[in-house]
1. Run the simple label-point estimate for residue B:77 and residue A:195 please: 7 Å along Cα→C-beta, distance reported in nm.
2. Rounded to whole Å, give me the distance from the Cα center of region B:906-963 to that of region B:606-643.
3. Could you report the accessible area of residue B:56 in Å², rounded to 10, computed with a 1.4 Å probe on the protein chains as they sit in the structure?
4. Provide a whole-number value for the mean count of partner chain Cβ atoms within 10 Å of the Cβ atoms in peptide A:16-28.
5. When only the heavy atoms of the protein chains count and the probe is 1.4 Å, how do B:390, A:81 rank by accessible area, highest first?
6. Ignoring ligands, DNA and RNA, how do A:235, B:950 rank by accessible area with a 1.4 Å probe, largest first?
7. What total accessible surface area, summed over both chains, is buried at the interface between chains B and A, computed with a 1.4 Å probe and given in Å² to the nearest 100?
8. For B:784, B:290, what's the largest-to-smallest order of accessible area, 1.4 Å probe?
Amino acid sequence: MAGLELLSDQGYRVDGRRAGELRKIQARMGVFAQADGSAYIEQGNTKALAVVYGPHEIRGSRARALPDRALVNCQYSSATFSTGERKRRPHGDRKSCEMGLQLRQTFEAAILTQLHPRSQIDIYVQVLQADGGTYAACVNAATLAVLDAGIPMRDFVCACSAGFVDGTALADLSHVEEAAGGPQLALALLPASGQIALLEMDARLHEDHLEQVLEAAAQAAQDVHILLDRVVRQHIWPSPDYPLLQSGPWGCFSPNIPRVSWHRQGWYAPHFMLRTPQLQ
Amino acid sequence: MLQKREKVLLLRTFQGRTLRIVREHYLRPCVPCHSPLCPQPAACSHDGKLLSSDVTHYVIPDWKVVQDYLEILEFPELKGIIFMQTACQAVQHQRGRRQYNKLRNLLKDARHDCILFANEFQQCCYLPRERGESTEKWQTRSIYNAAVWYYHHCQDRMPIVMVTEDEEAIQQYGSETEGVFVISFKNYLDNFWPDLKAARELCDSILQSRRERENESQESHGKEYPEHLPLEVLEAGIKSGRYIQGILNVNKHRAQMEAFVRLQGASSKDSDLVSDILIHGMKARNRSIHGDVVVVELLPKNEWKGRTTALCENDSDDKAWGESPTEPMPTGRVVGILQKNWRDYVVTFPSKEEVQSQGKNAQKILVTPWDYRIPKIRISTQQAEALQDFRVVVRIDSWESTSVYPNGHFVRVLGRIRDLEGEIATILVENSISVVPFSEAQMCEMPVNTPENPWKVSPEEERERKDLRRSHLVFSIDPKGCEDVDDTLSVRTLHNGNLELGVHIADVTHFVAPNSYIDIEARTRATTYYLADRRYDMLPSILSADLCSLLGGVDRYAVSIMWELDKTSYEIKKVWYGRTIIRSAYKLFYEAAQELLDGNLSIIDDIPEFRDLDEKSRQAKLEELVWAIGKLTDIARHVRAKRDGCGALELEGVEVRVQLDEKKNIHDLIPKQPLEVHETVAECMILANHWVAKKIWESFPHQVLLRQHPPPHQEFFSELRECAKAKGFFIDTRSNKTLADSLDNANDPNDPVVNRLLRSMATQAMSNALYFSTGACKEEEFHHYGLALDKYTHFTSPIRRYSDIVVHRLLMAAISKENKMEIKGNLFSNKDLEELCRHINNRNRAAQHSQKQSTELFQCMYFKDKDPDTEERCVSDGVIYSIRTNGVLVFIPRFGIKGAAYLKNKDGLVISCGSDSRSEWKPGSLQRFQNKITSTTTDGESVTFHLFDHVTVRISVQASRCHSDTIRLEIISNKPYKIPNTELFHQSPPLLKSELVKEVTKSVEEAQLAQEVKVDIIQEEYQEYCQTKGRSLYTLLEEIKDLALLDVSNSYGI
C-alpha cells in the first residue's frame, strides 16, 4: 500500500481529528523552582519543556551586550529518546541551531526587550518527545515560561502548524502527517493583535492556497491562545471555576469560559499582564 | 468533546528492525450514522447520502467479505449496506489502492444504497486491540461491536445482519444480541436474496477460484516468473533512474512476443530515451497485462532486439517469422507492476475437442480472451460444456509467479458467438461501456411533456432569465431532417449601430441538477455512444429530442453568449453571458441557408415557416433573415481570418475531409463542395467555446475543464514525409500552418486517393485532443494545436457530452461569482475534476473504439458467406499505402477498408504476376526497399509494387471463433481493378456505410425470422438507427475530428 490516506472522504484525519481540530493540549507552569520561569507542555504526543533565566547581566563577553535592549538567547535541544529511533546527540546539530534561531526571532518580536537594556534573557527549550509540530510546542512552552518568569511581553506568542492535503488545510500536523511530505507551515502569532511573529514554510505551495493554509494556522493559534490563557490564569489563581485543564475543550471551542473581574478579586497582576490589551 | 487514546504499533523498518510507534487516536461522541432512523439527526450532523428508509434490514459486511466479495456488494439490488471503517481500512491495507478506490467510488455513488460508518472514531464503538489478539479477530470483534452499537443507536428499530466468513464469529456472536444477526455471506444471499441468481453464481464462482488458489499455493510448483520487486525498491529505482515507469502496450499482432512500454511522467524527460521500450517475450513481461502501469529495467545493449516489421497473423506462432527484424531498440524486462488495470474480459471457452486435449484437470479450463492482447485465463468451473457456444465475461483474480496463466472466475454470459447482439455486447464490454436503460428513479426526475400536460415556461424562470423571445431573431441551421437542435444563432443591429451576435445553447443543466440520479448516470456514460447500427444516448429522449432541443416556434430555455461587435471592424467590444428564454424562428437546413446566402430566393418554398404567410409579411421576414445570414457569414469570415492571422491553420477542415471519405456515412451528409454556411456555424461555435473557456478560466483559474490539443511529435511524421517523397511531394511539418499548406500542395491530379492517404497519415501522427483540469497543467500547455487557440473548451453540445454540462455549470457559477451571488452547489475541486477529465477522455476513447469495432463487425458480416471467387463485390480496387517485409498494407477506397495483403504466404511462396497480370504463388524471394517491394520467383520473373500503386484485391473474411472476424485481402492482380462494364466504372458509387449496415442487419433479421417464424417489422427501427448522428454539421465535424485524432499506434503491427 502506497501512501496513507491523510484525509478520508468523510473528512477524518489519520488520528480521527477533523481538518481544523487541534490535538489535545495540556500544560503546566512553574515546574522548576530554581529557574526564573519554567513550563511544560504536551501537544498530543509532542512534549516540550521550557526554562527561562533572566533578565540578568550578560554572561561571558560583555561586548555582546546591546545598549538599548536585552539580548534574547535561545537554545533548543531534543532528547535522544524523543524520536522513534534513538538520536545520536541531543543538540548542536544543524536543525537544533536553526530552531534556536527561529525561537530567538520569535521572542525578540514578543518580549519588550527595550525595558532591560544591557541585560540578557536565556530561554532553553527541550523536546522530550517529538510527534510533529515541535516548533509550535517549543514556542508555546517558552511563552508560558517567559510569563512565569514575569518578563514583560507585548502579548502571548502562540504557535501552530498547518498543512495542506487535497485542497484542505489541516491544522496542527502530527508526525504521520508531516512525514507524508506535503507542505507544512509554522506560524507564531501575537493573538490579540493578530500580528505574525514568525512564519516559516520550506515546501512548495501554490500561492493561491497560501491564504487558506495561513487562515487555518492562524485560527489554530488563536485556539491555542485561549488554552494558554487559561493555563496562566489557573497557575496564578487556581480556582474551581475552571474545569481541569485535562478535559479542556480543544479544537472546537465553546466560548463559555467564565470571565472574572480582576479587580474584584483584588488580584495582583504582573506587569506583563497589564500590557496585554485585552485586559484593559 | 474528543477523547484521546493511544495506539501502539509495531512497524518494521527498512533495515528489518522493529520500531515501536505510538499514535494518537481521538474518539468523538458523534459520528454521522447516515441513517434516516437516527434519533438525534442534529448531533450526528449528516451530510451526504442517507441509507434509504424502505429496507427491511441493514447489512454489515465483515472485513473479509468486503475484501473478497466487493463485486457482489456492488449489485444495485443489495440495499442498506453499512461499510465499517475497520473493514474499509482492511481493504486499503491488504488489497491495495485499486480495490480501495473501487470501494470509495461505490460509497460516493448516490445510486448505491451504502454508507461508511467511521466506527473507529466513535467513542462507544472503538475497541482497542488486546494483547495477543490477532488483527483478524480484532477486526471482526470491532465490526460486531459497532454493529451492535448501530442497532441500539437506531433504537432497535432496524434489524441488522452482519455477514462474515469467520465460522467462529458466527458461533460466538450469532445469538449474543437480539436484532443483530451474524451469518455467513452465502447463507445471507440464499436466504435474503433467493431471486438474485447472478449474485449467487458470482459468489460461487469467487469461492471456487479462491479455493483453487489456496490449493495451488500449497502445491507450489517451480517458479514460472521472477518475483516482482517490493514497492519501495521500485519507487527508489524510478527516482534514481535505474528503472523506468510506463504503460504496457501489447502488440495486437504479436501478442505472445512483443509489447512496448510507453514512457510515462518525469522518467522520460530525464533519460534520453525517445522511443518506447520493447518487452520481448512473456517471461520478460513478467505477468503484466496490457494497460498495466509497469516498472521496467533496461537490458544491456547487446541483448537489445528489434521490432518485427513483417506482417503476421495472430494465431501463427512466432517461429515462422524469424526473419530480419529492424535495428535493435531499447529492450527491457518488467520488474514490478505499480498499478494493475484489470477489467472485465470477454472470453470464449474452448470447443469440445480442445478441452479433451487440455487433459487431466477438467475443472480448470483455459479460456481465450476476445482481445488478442490479453493472455489466456485459467478458469475453474463446472459449466464449461454448457458455455461453449457463448461469449462469457470473466475477471482475473490473481497471477502467481508459479503459474503460466492468470487465474480468473466466471461472471456472466453475454450471448452466442457470431450472433449480432452477442457480438455487439462483446464490443460494449470490451470497451467497458455499460448501458442499461434509464431506471425509473432516473426518469422520475424528468419533466413531463405530453399533449395533456404540456411543458411550460415557469413564471419564476421567466423573471430570472433574459427574455429574447420578442427582441431577437433566433434561428438554427442544421442538417436536413434533424430533430435535436442544441445550438441556435442570432444577430441584430443595436441602437448605437454596433452589431450583436448571439449563440444560444440548450440549457441542459436546468433540467439536470448536480448529483441527481440522471446527472450521475450521464456522468458515468460521459458521452452518447454511436455504434454502426444504433446509439446509446447520454440523456433520456425527453430531454435530448424534446425539451432541450431548440426547435422552431416553441419556447425553450437557453444559455446564451452575446457579443457586441463594432459595426465595421467587427472587433468584440463587450460580451454577455447568461441564461435566457428563446423561441427559434426558423429551423433552417444547410442547403437552404446557403441558397439564401447566395441570393437565390426560390428556396423559400422549402422553408415551412414561410408557407402560411401572405406575400407582404413574407417579403419583409425574408429580407430580415437574408440580412442575418449574410451578416453572420461576414462576421464568421472575419473571425476566421483573425484566427488564421494568429498562426492558425485549417487543419480540422482537412482532417474532416479525409475521414469523411473513409467513413462513408458522412459522404451522403456532406455535399461535394462544402458550403460556406457550414464553416459559418462552426466558426460561431468555436468562438463561443473559446470565450466560455476564457470566462470560466478567469473566474476559477484552478478548477475548470478545458480542452487541449498538444502539438504532435515531429518524429511521428517521418513516415508521412517518406511516403510523400515517394510521390515527389515535400511535406513541411514544422508548424501547423506549413503542414496544412504542404498537404494542400501534395495533390496528384491523376489520383485523388494519394492526397487522402497522406492526410490520413498526417492525422494519425497527431495526438488526441483531451479534456483536462486547469489546476493540473501549466498555462502554456492549454494550447489547442488544431484550432490554434490558447484556450478552448466544449460548451455547445450539452445534450450528448458530459463535459459540456460541466462547463455549463462552471459558467453559471462564474456568472454568480461576478454578480456577487453565492454559488449554487459545489464546484468540482481540481482533484475531482482531474479524475472526471480522465474518466471522460477514457469514455470518449471507448466510444471511438466501439464505433470502429462495430463498423468492422458489420464489414465482416457484409462479406461473410459471400463466395469471394464469384461475387462481384468481393473484388475491388486497392491502393498500397505502406510496405512491410512480407507484404503491403492496402486501402480500399470503395469500402473504406484498410488491411494487409501478403506477398509471401505461409508456405514460403511469393506472389508473381504473369503477362495477363493475374497473380500466382510461386517459390521465390522478396526484397524490400524504402518505397517499393519486389518479388522475384526462382524462374526469374519479378514484379514490383510501389507505394500508391493501384492493385486489384479480393476481399474475404477470415473467421475466428475466439476473436472478432477479420477481413483478409489478397492481391489478385497488379493492375487497377476494371469493372467489365466501363459505364459502371465511372458511376460506381462508394458503398455507403449506412447501406452496408442496413443490408447486414436485414440478413441477420431474415435468419432470425426463418428460425422463429415470427414476423416483426423492425425495418423502421433501422431507419431510426440510421439517422443523422449529430444534429448539426459542427457537432459532426467535432466528432470526426476526434476520430481523426484517434491513437492508431497499434494498427497493423507497427
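The values are calculated or read from the model by the stated rules, or taken from the named source; none is laboratory data. No experiment lies behind these values; they were computed from the predicted model shown. For neighbour counting, all protein chains shown are included, and Cβ atoms are generated from backbone atoms with ideal geometry for every residue, glycine included. Only protein heavy atoms, including side chains, enter the accessible area calculation; ligands, DNA and RNA are left aside. Shrake-Rupley method; radii C 1.70, N 1.55, O 1.52, S 1.80 Å.
1. 7.1 nm
2. About 58 Å separates the Cα centre of region B:906-963 from the one of region B:606-643.
3. Taking all protein chains as shown, residue B:56 has close to 110 Å².
4. Neighbouring Cβ atoms belonging to other protein chains average 3 per residue here.
5. Most to least solvent-accessible, the answer reads A:81, B:390.
6. Output order, biggest surface exposure first: A:235, B:950.
7. 2500 Å²
8. From most exposed to least exposed: B:290, B:784.
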